[in-house]
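Have a look at this one before I ask anything.
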Amino acid sequence: MDRFTYDALPGRVVFGAGTSRTELAPELARLGAHRVLLVASGSAVSPARERTKDLPVVGEFTEVREHVPVAVAERARARAAEVRADALLAFGGGSSVGTAKAVALTTGLPILCVPTTYAGSEATPVWGMTEGGRKTTGRDERVLPRAIVYDPELTYGLPVRIASASGLNAMAHCVEAFWAPRANPVSTVLAEDGVRALAEGLSLIVDEPSAEAPRADLLYGAYLAGASLAGAGSGLHHAICHALGGAYDLPHALTHATVLPHVVAYTLPYAAEASRRMRRALDTDDPVGALRALATRLGIPAGLRELGLAEDQLDPIVERLAGHLPPGHPRPTDRDALRALLHDAWAGTTPKETV
Ligand code: NAD
C-alpha cells in the first residue's frame, strides 16, 4: 500500500424504506432542533409537508432553483433569520440540498437531509452558487449535513427520465473519484461499489420502472457516489460540466450524463487502475461501450447539441477552463485536447478509447 491521505467525514446515515415516516423526529431530536426551516421544491414539497406535519417546522423555503443563484441563497438566508430557525431540513434533489447548504454556509445551522434524487450532494461538504453566469464552488465543513435519511419509497415515483440522468450524474462522481486530485484507496473502494450499484439499478429501471429493488440500489449508489466525491474531490469531468451549467444554465444531471461517456473514453487509456475497476464493476471488457449503451437505453442524448447548446458556445468554455483544470488528470490536457473533447461531447461522436 502506498502513502495516502483521506479525510474521513462525520455524518450519520439512516437508510431504509419508510424511514422518512419514522426517523425524522428522532434525527431532529438528536440535533436538538426546535425551530426547523423546511427547504424543498417541486414534486418533493407535497411528500415533505406530509412527512413533517407533526415535526417542529416553523417555516418553509420552496423558491429553490438549480445551481443556487446567489439571489435565491440570500432569500433563503433571510427566511431562516425571519423564522429564527435552529436547523434546516433539506427535502428533495440536489438543488434543495444546495440551497440549505448556502444557508448553513453563513449561519452554521445544522442540516438534516432527505434526498429524493441521486445527486449525492447530501454526503459532501461542497457548496455551489451561481452569479453572472459563473458557478463558484467551495468546501466548508459547516455545510456538510449532520444526518441523511435515505428512504427509497420517496424515489419510487421519480420518472425514469429524471432517475436516468440523476443516476448517471452519480456515476460521474464515482468514475471521477478514481482520478480526482485527492483520490485515495478508501474513496476508490466506495467509488467502485458505487459504479456497480448504479449500473445495476439503472439497467433495470427502463424495463421495470415500478420495481422497488433497483430504486433502493440507486439510492445506495447515490450515497457511495457522494461519499467518494467528498473523499476524492472532482476533476476534469466536473470542471467541464460546472462551466457549461453555470454559463448556459444547462440541466445539471443531464449535462453530466451526456458528457460522461466522452470523458471516460478520453481518460481510460491513460488510467489503468480506473479501467480495471470499471471493467470489474460493469462486468465487461469494454467499459466505454457499456456506459454508452446504458446511456442510450436510458434515452440520454448522445451529444450536448441535443440540449440546445450551439457549437460557438464551446470556445468560451475552452478559454475559461484552459490553464485552470484540476491538477493530476491522468491524460495531459492542453487547449487543443480540451477543444476536441468538448467538440466530441457536443456533436455526440461515438466515444471510443483512443490515445
Ligand atoms: P434537482 O434538485 O433540481 O431535481 C431535479 C428534478 O427532479 C426537479 O425537477 C425536481 O423537482 C425533480 N424531483 C426531485 N425529486 C423528485 C421525486 N422524488 N419525484 C419526482 N420528481 C422529483 O436536481 P438534482 O439533479 O437532484 O441536483 C442538481 C443540483 O445539485 C445542481 O445544482 C448541482 O450543482 C448540485 N449538486 C451538488 C453537489 C455537491 O456536492 N455540492 C453534488 C451533486 C449535485
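The values are calculated or read from the model by the stated rules, or taken from the named source; none is laboratory data. Model, not experiment: these values are computed from the prediction. Cβ: placed from backbone, ideal geometry, glycine included. Neighbour counts: every protein chain shown. Protein only, heavy atoms only, side chains kept; ligands, DNA and RNA dropped before computing areas. Shrake-Rupley method; radii C 1.70, N 1.55, O 1.52, S 1.80 Å.
Looking at segment 121-154, which of its residues are touching a helix residue (DSSP H, G or I) at 6+ places or on another chain (Cβ under 6 Å), under 28 Å from residue 324 (Cβ atoms) and part of a helix (DSSP H, G or I)?
121, 122, 123, 142, 143, listed by residue number.
Looking for whichever is without any contact (Cβ under 8 Å) to a residue 40 or more places away in the chain and not β-branched (Val, Ile, Thr) here; the options are 204, 219. Which one fits? Before you say what the answer is, go through the steps one by one.
On the way: 219 fails: without any contact (Cβ under 8 Å) to a residue 40 or more places away in the chain.
None of the other options fit; the residue is 204.
Hey, another quick one. Of all residues in segment 50-59, which are open to solvent by less than 60 Å² (accessible area, probe 1.4 Å) and of a type outside the set (Lys, Arg)?
52, 55, 56, 57, 58, 59 - these are the residues of segment 50-59 that are open to solvent by less than 60 Å² (accessible area, probe 1.4 Å) and of a type outside the set (Lys, Arg).
Working only within segment 19-70, note down all residues that are more than 22 Å from the chain's Cα centre (by Cα), assigned to a helix (DSSP H, G or I) and of a type in the set (A, V, I, L, M).
Residues satisfying the conditions are 24, 25, 28, 29.
Show the residue pairs that are 6+ apart or on different chains and have beta-carbon atoms under 9 Å apart, the first residue being within segment 53-75 and without any contact (Cβ under 8 Å) to a residue 24 or more places away in the chain and of a type in the set (Lys, Arg), the second being within 16 Å of the ligand (Cβ to nearest atom) and open to solvent by less than 30 Å² (accessible area, probe 1.4 Å).
75/61
Moving on to the next point. Considering only segment 316-325, I want to know if a residue exists there that is closer than 22 Å to residue 187 by Cβ, in contact with a helix residue (DSSP H, G or I) (Cβ under 6 Å, 6 or more places away or on another chain) and not hydrophobic (A, V, I, L, M, F, W, C).
Checked against the condition, which is being closer than 22 Å to residue 187 by Cβ, in contact with a helix residue (DSSP H, G or I) (Cβ under 6 Å, 6 or more places away or on another chain) and not hydrophobic (A, V, I, L, M, F, W, C), segment 316-325 yields no hits at all.
Here's the yes/no breakdown for (1) modelled with pLDDT of 95 or more; (2) more than 30 Å from residue 190 (Cα to Cα); (3) out of contact with any Lys or Arg (no Cβ under 7 Å at 6 or more places or on another chain); (4) outside the structural domain of residue 214 (by TED's automatic domain parsing):
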{"residue": "4", "(1), (2), (3), (4)": "yes, no, yes, yes"}
{"residue": "26", "(1), (2), (3), (4)": "yes, no, yes, yes"}
{"residue": "58", "(1), (2), (3), (4)": "yes, yes, no, yes"}
{"residue": "69", "(1), (2), (3), (4)": "yes, yes, yes, yes"}
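OK, next. Could you please let me know if residue 163 is open to solvent by less than 10 Å² (accessible area, probe 1.4 Å), within 22 Å of residue 302 (Cβ to Cβ) and part of a helix (DSSP H, G or I)?
Spelling it out, residue 163 is indeed open to solvent by less than 10 Å² (accessible area, probe 1.4 Å), within 22 Å of residue 302 (Cβ to Cβ) and part of a helix (DSSP H, G or I).
Residues that are outside any helix (DSSP H, G or I) and farther than 28 Å from residue 16 by Cα: does segment 224-245 have at least one?
Yes, segment 224-245 contains at least one residue that is outside any helix (DSSP H, G or I) and farther than 28 Å from residue 16 by Cα.
When you look at residue 315, is it exposed (fewer than 15 other Cβ atoms within 10 Å of the Cβ), on the phi > 0 side of the Ramachandran plot and either in contact with a Cys (Cβ under 7 Å, 6 or more places away or on another chain) or of a type in the set (Asp, Glu) (or both), yes or no?
Considered against the rule, which asks whether it is exposed (fewer than 15 other Cβ atoms within 10 Å of the Cβ), on the phi > 0 side of the Ramachandran plot and either in contact with a Cys (Cβ under 7 Å, 6 or more places away or on another chain) or of a type in the set (Asp, Glu) (or both), residue 315 comes out as no.
Here's another thing I want to ask about it. Filter segment 249-266 down to the residues that are within 14 Å of the ligand (Cβ to nearest atom), at pLDDT 95 or above and open to solvent by 10 Å² or more (accessible area, probe 1.4 Å), then identify the one that is farthest from residue 16 (Cα to Cα).
So the residue we want is 254.
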